[in-house]
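All remarks here apply to the structure that follows.
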Amino acid sequence: MNFSALSIRNPIPAILLFALLTLAGLLAFRSAGIQDFPDIELPVVTVSASLPGAAPGTLETEVARKLENSIATLAQIKKMYTTILDGEVTISIEFELEKNANEAETEVRAAVSRVRSDLPADVRDPVVAKILTAGRPLGAWTLTSDTLDEEALSWLVDDSVTRRLLAVKGVGAVKRMGGLTRELRVELDADRMAALGVSAADVSRQLRKAQLEAPGGRGDVGGGEQAVRTIATVASAQALAAMDIPLPGGRSVRLERIATIADTTADRRSVALLDG
């Protein structure tokens, strides 16, 4: 006896089975996700390294070429592209399709680590990441205000809006386009520095020390053990102006005597427009 003859003699079980399969198909269709760009792991890895203020020529010889020589020793590399801008190097490595994306990322990270000590000391740690097709922007918003200026509005986005958006499920990154960034600018007076015998490198070292926060061990405070932090940061331009700069012979001079300190914004490098 085949299934057709059994269904003709006993139609009710066959009808119920057909109805259940139809219902299951409808539910599965409604729950199926739809993506314009499906989650495909392509074996493409990017390496980003930045050295603020460096010229492209310096980055090519001191950063990009050393990273390329180390990465080029890896197997199954199909193509490698390098883009150099002011203060930033981006290397894209495309592997053969048979290469596992996670394995490719691990090998590139190891290759970058091998030459990290050969890069300039001021270069920020290179960022190694694989390309994800699902990591595209989901939305963009434009913010305006009648009470806040552009600097205050930019800080509101960086400090408050970004944290609230990152708390939303599924949001992996938030990037502000346009706006302004606060900057404490120190403009040195070359004539006064030459008269006092202080160099720009000396000032730079003291400024680097002024923005230091490091662990200081543990100590007994009030009968209990507490963690100790070493904090050396400045909160205002006035505090920076009062900083002492060491001079030859054990002397020192206040920074405001050899430089002009201003609490301002960084130079505008990009702008975002909406409807003109």
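Values quoted throughout were computed directly from the atomic coordinates according to the rules given, and no laboratory measurement underlies them. All values derive from a computational prediction rather than experimental measurement. Positions of Cβ are backbone-derived with ideal geometry, glycine not excepted, and every protein chain shown enters the neighbour counts.
The charge dipole of the chain, taken about its Cα centre with unit charges on the Cβ atoms of Lys, Arg (+1), Asp and Glu (-1) only, comes to about 720 debye.
What does the C-alpha gyration tensor say about the overall shape of region 137-180? Classify as rounded when a/c is under 1.5, otherwise prolate if a/b is larger than b/c, or oblate. Here region 137-180 falls in the prolate category.
Rounded to the nearest 20 debye, the dipole magnitude of region 138-276 is 500 debye, with +1 charges on Lys and Arg beta carbons, -1 on Asp and Glu beta carbons, and the Cα centre as origin.
Let me have the relative contact order for region 79-205, percent, based on Cα pairs under 8 Å that are six or more residues apart.
Across region 79-205, relative contact order equals 13 percent.
From the coordinates of this entry, Cα extents along the principal axes in Å is computed, and it appears in (i) 95, 39, 36; (ii) 63, 46, 32; (iii) 111, 61, 53 under the label (iii).
Computed over region 41-194, the alpha-carbon pair-distance distribution with 5 angstrom bins reads 1, 8, 14, 13, 13, 15, 14, 11, 6, 3, 2, 1, 0, each value a whole percent.
From its DSSP helices (H runs of at least four residues, each -39,500 (n - 2.57)), the chain gives a residue-normalised ellipticity at 222 nm of -9000 deg cm²/dmol. Extending 7 Å from Cα along the Cβ direction at Leu17 and again at Ser204 yields two label points whose distance is 8.0 nm. Paramagnetic label reach from Asp125 (point 7 Å along Cα→Cβ; backbone nitrogen cut-off under 12 Å): within region 72-108, no residues. Projected onto the charge dipole of the chain (+1 at Lys/Arg Cβ, -1 at Asp/Glu Cβ, origin at the Cα centre), which of Leu247, Phe3, Phe18 gives the Cα projection farthest towards the positive end? It is Phe3, whose Cα lies furthest towards the positive end. Within the same chain, lysines fewer than 8 places from Lys99 are excluded, and of the rest, those with a Cα less than 22 Å from its Cα are Lys78, Lys79, Lys130. Ranked by how many other Cβ atoms sit within 10 Å of their own Cβ, fewest first, the residues Val157, Val127, Val168 fall in the order Val168, Val127, Val157.
Which whole-number percent gives the relative contact order of region 1-131, counting Cα pairs below 8 Å spaced six or more residues apart?
33 percent
Between region 1-67 and region 140-164, the C-alpha centres lie 36 angstrom from each other. Once the mean of 1/r is taken over each pair of separate Cα atoms and inverted, region 41-132 shows a Kirkwood hydrodynamic radius of 13.1 Å.
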